[in-house]
1. Please list 3J(HN,Hα) in residue order for region 146-163, calculated via the Karplus relation 6.51 cos²θ - 1.76 cosθ + 1.60 where θ = phi - 60°; whole Hz, with x for glycine and proline.
2. Springs between alpha-carbon atoms under 10 Å, Gaussian network over the chain: tell me which of M264, M174, M205 tops the mean-square fluctuations.
3. Which of Q16, Q269, Q98 ends up with the largest GNM mean-square fluctuation for the chain, with Cα atoms connected below 10 Å?
4. I'd like the chymotrypsin sites (Phe, Trp or Tyr not before Pro) in region 37-128 restricted to DSSP loop residues with at most 11 other Cβ atoms within 10 Å, sorted by number.
5. Expected output is a single nm value to one decimal: the length gained when fully extending between R102 and R56, i.e. 0.36 nm times separation in residues minus the C-alpha distance. What is it?
6. If I model a spin label at R263 and A226 as a point 7 Å from the Cα along the Cα→Cβ vector, what separation in nanometres do I get?
7. Please list the equivalent ellipsoid semi-axes of region 52-183, computed as the square roots of five times the alpha-carbon gyration tensor eigenvalues, in descending order and whole angstrom.
8. Using the 2.2 N^0.38 Å rule of thumb for compact globular proteins, work out how the chain stacks up: its C-alpha Rg over that value, please.
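Just so it is clear, none of the values below were taken in a lab; they were calculated from the coordinates. All values reported here derive from a predicted model rather than from experimental measurement. So basically every Cβ, Gly included, is an ideal-geometry build from the backbone, and we count neighbours across all protein chains shown.
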Amino acid sequence: MPVKRIFIAGAGNIGQGIAEVAASSGIGVVLSDIREDILEAGLAGIENSLDSSIKRWGITAGEKRGILSRIETVVGIGKVEGCEFAIGAVPERIRLKQDLFRDFDLAFHSETILVTTTSTLNITLIANETSRPEKVVGMHFLHPVPKRAVVEVARALKTSDETFEAAVQLATDMKKQVVEVCEYPGYVTTRVIIPFINEAAYALMEGVASAEGIDTAMKLGFGFPAGPLELADNIGLDEVVQRMEGLFRELGDFKYRPCPLLRMMVRDQKLGRKTGEGFFKYSDTGEDEK
């Protein structure tokens, strides 16, 4: 049976993307965050993304209105009825995720499936904070969600087959290709892309080439649609460093230790596209100024 309604906690980039794709697929969405202004910014982000689709002739203005009509917002969690999934799209911090899933467990019907979007945290440790660990599953949506065709789906230790299959159905309803992965830090995508970005940052720090030169070499040399430094800017350098630290902590491998240049840029709040400057500079509309 197609999924009808989902709850998303977290109106940041990933939460916005999941909400947009779900609503575009005919699924009702309840988007939640801790403050009204964050929700307003989240809805504005979704509208901007849809406007970009209109400019590319991807959708019509009427379709945009239909998509937005399927998204409602709520501050906090409270008692939201009729949601088949509750998705935790909050930042990658284990205690934050655990607190959220304890709240999910109390707020939602016992049959509601609880999903964490993590790619670096232990899903079982999150699931164990609930009374329904068999109904907890990991779904890693890549940013930007509307443009990435893949979703990694991971079982926790006690995730049931029924829960896993339901998560696959949700991804399928959202027109995503599922890759089943083991519960292991970084899964496939994060584990592979993080050293790629980190090594590019080292190459820049050591003066091997300019940021433009590094990205041009990788795009033209290997056919990548975006270079590693542009990709880092799109993800957000704070998010990149957070994922690196998580993998370094879990695996202890020095290839995941963040490059000092990345740490310096995060301290200076040069986080990439979302702040207007990272490895490259961006206009108010998010266009690349390099």
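1. Once θ is set to phi - 60°, the couplings for region 146-163 become x, 9, 10, 7, 10, 9, 8, 10, 10, 7, 7, 4, 10, 4, 7, 4, 5, 5 Hz.
2. Looking only at M264, M174, M205, the biggest GNM fluctuation is shown by M264.
3. Looking only at Q16, Q269, Q98, the largest GNM fluctuation is found for Q269.
4. W57
5. Details: separation 46, 0.36 × 46 = 16.56 nm, distance 4.17 nm.
Full extension of this stretch gives 12.4 nm more.
6. 2.6
7. Ellipsoid half-lengths, sorted descending, are 27, 18, 14 Å.
8. 1.00
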